[in-house]
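Here's the structure we're looking at; comments come further down.
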Amino acid sequence: MREGPLEITDLLWSGSGVPVVRADAVALLRSRGQGRAAQIVERLPARDGLLDVAGVDALGLRIHRELQRLGEELQLGRRVASLVRSLLPPGDGPVRLVDVGCGLGHVLRSIAAHGDLPARVELVGVDLNPLLVDEAARLATVEGLRCRFVTGDAFEPGLAVDDGGRTIVVSSGLMHHLGPPELSEFFAAQARLEVAAFAHWDIAPCLWSTVGAWIFHQARMREPISRHDGVMSARRAHPAETLLAAAGQGAPDYLVEVREGSRWHPKALDVLRPLVGVRR
């Protein structure tokens, strides 16, 4: 777990299926000076001191539906597809696009719904949380979309990344959950699998992104956890120098850059910007 302030969702779903002890989560948040976050967790339903699993699962789906709305407003599906098109290996051979930490799969579902990528690109979403994967798969089926979702570690050999060097890996809002050592390993795992390229989107840290996150989440989000974690995400976002250093250490065989928006003519969409790596 990363040092410093935490997002509440970091504590609620460990992926192990073990119920969370509410008092432990509250104590951890208070130890990091997060009194308001501790109060939010104290109000969550619990049985015998354990957070109610069904209640937490229902809450998780509500939070991720709000995250989906945020992704839609930031046009994330269209922007990811536009960048991925420029990274596609030459030729007509199949390519796999893997979305790590896909949540409800809104990025891949948006791409599939709008036909933003050629048919030769297979869309695969991966998440550690089976609840989210099941819901993403259900939504894709209901919507009749050409994408699939699996539970597990996206970098486990054979799970999602194909071994032919024709996989592109993307993520959105994932990197700020990792500390510098975990970031280096995150990139190293992709290098070991020899992915063709990666593009990981996260918040550009600055005063305006933090203020903007607070305004947006107060105006648009209903869940107290969504409001808290949205602002905390902006506060925890890594500067470009940290991301580049971690990528350089973990994936030295890749040409890496952070594609920032214009400093002089910033756009609201530029609050999310990608770190892009292409295998040399």
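The values are calculated or read from the model by the stated rules, or taken from the named source; none is laboratory data. As the structure is a computational prediction, the values presented were derived from the model and not from experiment. When we count neighbours, we look across all protein chains shown, and the Cβ atoms used for this are built from the backbone with ideal geometry, even at glycine.
Among the residues of region 4-59, write down those that are in contact with a Pro (Cβ under 7 Å, 6 or more places away or on another chain) and outside any helix (DSSP H, G or I). Quick ask: steps written out before the conclusion?
In the first step, residues of region 4-59 are kept if they are in contact with a Pro (Cβ under 7 Å, 6 or more places away or on another chain); the result is 32, 34, 40, 50-53, 55.
If the condition is that a residue be in contact with a Pro (Cβ under 7 Å, 6 or more places away or on another chain) and outside any helix (DSSP H, G or I), then Arg32, Gln34, Leu50, Leu51, Asp52 are the ones that fit.
Can Ser31 be described as hydroxyl-bearing (Ser, Thr, Tyr), outside the structural domain of Ser226 (by TED's automatic domain parsing), more than 18 Å from the chain's Cα centre (by Cα) and surrounded by fewer than 19 Cβ atoms within 10 Å (Cβ to Cβ)? Full working, then the answer.
Values: hydroxyl-bearing (Ser, Thr, Tyr): yes; outside the structural domain of Ser226 (by TED's automatic domain parsing): yes; more than 18 Å from the chain's Cα centre (by Cα): yes; surrounded by fewer than 19 Cβ atoms within 10 Å (Cβ to Cβ): yes.
The answer is yes for Ser31.
Only one of Ser172, Ser184, Ser226, Ser233 is hydroxyl-bearing (Ser, Thr, Tyr), at pLDDT 95 or above and crowded, with 19+ Cβ neighbours inside 10 Å; which?
Values: Ser184 fails: crowded, with 19+ Cβ neighbours inside 10 Å; Ser226 fails: at pLDDT 95 or above; Ser233 fails: at pLDDT 95 or above.
Just a single option satisfies the conditions, and that option is Ser172.
Taking Asp253, is it charged (D, E, K, R) and either at pLDDT below 95 or under 21 Å from Gln75 (Cα atoms) (or both)?
Details: charged (D, E, K, R): yes; either at pLDDT below 95 or under 21 Å from Gln75 (Cα atoms) (or both): no.
Here the answer is no, as Asp253 does not meet what is asked.
Could you identify the single residue in Ser184, Ser171, Ser209 that is touching a strand residue (DSSP E or B) at 6+ places or on another chain (Cβ under 8 Å) and part of a helix (DSSP H, G or I)?
Values: Ser184 fails: touching a strand residue (DSSP E or B) at 6+ places or on another chain (Cβ under 8 Å); Ser171 fails: part of a helix (DSSP H, G or I).
When all the criteria are applied, what remains is Ser209.
State whether the residues of region 128-145 include one that is in contact (Cβ under 8 Å) with a residue 60 or more places away in the chain, assigned to a loop (DSSP other than H, G, I, E, B) and not aliphatic (A, V, I, L, M).
Yes: one or more hits.
Out of region 67-83, which residues are touching a Leu at 6+ places or on another chain (Cβ under 6 Å) and modelled with pLDDT of 95 or more?
Listed by number, the list holds a single entry, Ala81.
Taking region 1-28 as the search range and keeping residues that are at pLDDT 90 or above and in contact with a His (Cβ under 8 Å, 6 or more places away or on another chain), which one is surrounded by the fewest Cβ atoms within 10 Å (Cβ to Cβ)?
Out of the qualifying residues, it is Glu7.
Test Pro90 against the criterion of being under 21 Å from Gly165 (Cα atoms), free of Cβ contacts under 8 Å to residues at least 24 places away in the same chain and either out of contact with any Ser or Thr (no Cβ under 7 Å at 6 or more places or on another chain) or surrounded by 14 or more Cβ atoms within 10 Å (Cβ to Cβ) (or both), and give yes or no.
On the way: under 21 Å from Gly165 (Cα atoms): yes; free of Cβ contacts under 8 Å to residues at least 24 places away in the same chain: yes; either out of contact with any Ser or Thr (no Cβ under 7 Å at 6 or more places or on another chain) or surrounded by 14 or more Cβ atoms within 10 Å (Cβ to Cβ) (or both): yes.
Yes, satisfied.
Using the structure shown, decide if Arg65 is exposed (fewer than 15 other Cβ atoms within 10 Å of the Cβ), without any contact (Cβ under 8 Å) to a residue 60 or more places away in the chain and of a type in the set (D, E, K, R).
On the way: exposed (fewer than 15 other Cβ atoms within 10 Å of the Cβ): no; without any contact (Cβ under 8 Å) to a residue 60 or more places away in the chain: yes; of a type in the set (D, E, K, R): yes.
So Arg65 does not fit the description; no.
Would region 215-236 turn up any residue that is under 30 Å from Arg36 (Cβ atoms), of a type in the set (Asp, Glu) and assigned to a loop (DSSP other than H, G, I, E, B)?
Looking only at region 215-236, we keep the residues that are under 30 Å from Arg36 (Cβ atoms), and these are 215-236.
Restricting the remaining residues to those that are of a type in the set (Asp, Glu) gives 223, 229.
Cutting the leftovers down to assigned to a loop (DSSP other than H, G, I, E, B) gives us 223.
Within region 215-236, one or more residues are under 30 Å from Arg36 (Cβ atoms), of a type in the set (Asp, Glu) and assigned to a loop (DSSP other than H, G, I, E, B).
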